[in-house]
1. I'm trying to understand the selection: among the residues of segment 120-130, which are of a type outside the set (D, E) and either surrounded by fewer than 16 Cβ atoms within 10 Å (Cβ to Cβ) or not in a strand (DSSP E or B) (or both)?
2. For segment 118-139, what are the residues that are over 17 Å from I102 (Cα atoms) and either of a type in the set (G, A, S) or in contact (Cβ under 8 Å) with a residue 60 or more places away in the chain (or both)?
3. Please specify each residue of segment 77-114 satisfying the condition of being acidic (D, E), open to solvent by 60 Å² or more (accessible area, probe 1.4 Å) and either on the phi > 0 side of the Ramachandran plot or part of a strand (DSSP E or B) (or both).
4. Can you go through A57, A17 and tell me which one is within 21 Å of I186 (Cα to Cα) and either at pLDDT 55 or above or in a helix (DSSP H, G or I) (or both)?
5. Of L133, L137, which residue is in a strand (DSSP E or B) and open to solvent by less than 30 Å² (accessible area, probe 1.4 Å)?
6. List the number of the failed condition for G164; all other conditions in (1) in contact with a strand residue (DSSP E or B) (Cβ under 9 Å, 6 or more places away or on another chain); (2) among the small types (G, A, S); (3) on the phi > 0 side of the Ramachandran plot; (4) modelled with pLDDT of 90 or more hold.
7. If I filter segment 167-194 down to residues being among the β-branched types (V, I, T) and either open to solvent by less than 30 Å² (accessible area, probe 1.4 Å) or modelled with pLDDT of 65 or more (or both), which single residue comes out as nearest to the chain's Cα centre (by Cα)?
8. Give the residue that is most open to solvent (accessible area, probe 1.4 Å), with candidates limited to residues of segment 140-165 that are in contact (Cβ under 8 Å) with a residue 40 or more places away in the chain and assigned to a strand (DSSP E or B).
Amino acid sequence: MKTILRLLIVSSALLLAKSGMALDTYNIDPVHSTVGFSVSHLVISNVKGKFNEFSGAVVVDGKKIKEAKGTIQTKSLDTGNAKRDADVRGPDFFDADKYPTITFQSKRVEEKGDETIVTGDFTMHGVTKEISLRVKLSGPIKDPWGNTRIGLAAKTTLNRKDYGLMYNKVLETGGLMVGDEIEIEINAEATKAK
């Protein structure tokens with residue numbers, strides 16, 4: 001009986017140690033990553049933009065995401081036009097001086113085929129709402145410098161008015177100058193923390 005009890009204790013300890021060791025944290029590499037968005041403009045085209053300053057981390061167990069978080073600096077918004085960027089950073093939209101960051105913190109993760117749905121709290125313009133990102137994980141691989149890397153591709157759509165970004169103008173044709181729906185696309189590489 002004592003032998004069976006010892007085997008159970010040792011087996012349990014090994015399983016716990018193995019599961020604890022399987023979790024790896026990967027930090028987003030901003031040099032090889034893009035956080036972009038697209039929004040309708042004048043009902044006839046889309047304006048695309050990105051943020052140049054951001055950070056984040058992903059915790060994985062083998063090839064499964066367990067947790068994700070990120071922070072974007074709103075002043076780093078870049079649409080390729082300095083005047084438009086100043087307007088969008090200003091009080092009518094992001095109000096970057098008052099709300100310097102956009103954040104995401106996962107709460108749960110679900111596997112659906114080869115895609116992962118990461119749901120969490122998204123905070124923008126002082127408002128926090130739950131959103132879900134469709135994420136595809138690639139790797140891990142060893143890079144030429146000996147680091148272990150993963151790739152992430154994530155997409156979602158959100159309504160900017162849900163976050164208090166209300167500015168708009170009605171066109172003569174009845175359409176809106178700026179669309180309400182914002183498509184977000186993240187393409188990232190992340191390096192395993194040492």
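1. Those that are of a type outside the set (D, E) and either surrounded by fewer than 16 Cβ atoms within 10 Å (Cβ to Cβ) or not in a strand (DSSP E or B) (or both): H125, G126, V127, T128, K129.
2. Result: V135, L137, S138, G139.
3. If the condition is that a residue be acidic (D, E), open to solvent by 60 Å² or more (accessible area, probe 1.4 Å) and either on the phi > 0 side of the Ramachandran plot or part of a strand (DSSP E or B) (or both), then E110, E111 are the ones that fit.
4. Step by step, each of A57, A17 is checked, and only A57 is within 21 Å of I186 (Cα to Cα) and either at pLDDT 55 or above or in a helix (DSSP H, G or I) (or both).
5. Just one listed residue meets the conditions, L133.
6. Only one criterion in (1) in contact with a strand residue (DSSP E or B) (Cβ under 9 Å, 6 or more places away or on another chain); (2) among the small types (G, A, S); (3) on the phi > 0 side of the Ramachandran plot; (4) modelled with pLDDT of 90 or more is unmet by G164, namely (4).
7. Across segment 167-194, the extreme among qualifying residues is I186.
8. P140
The values are calculated or read from the model by the stated rules, or taken from the named source; none is laboratory data. Given the structure is predicted, the values throughout are model-derived calculations rather than measurements. Glycine also receives a Cβ, built like all others from the backbone with ideal geometry; neighbour counts cover every protein chain displayed. Accessible surface areas use protein heavy atoms only, side chains included; no ligands, DNA or RNA. Shrake-Rupley method; radii C 1.70, N 1.55, O 1.52, S 1.80 Å.
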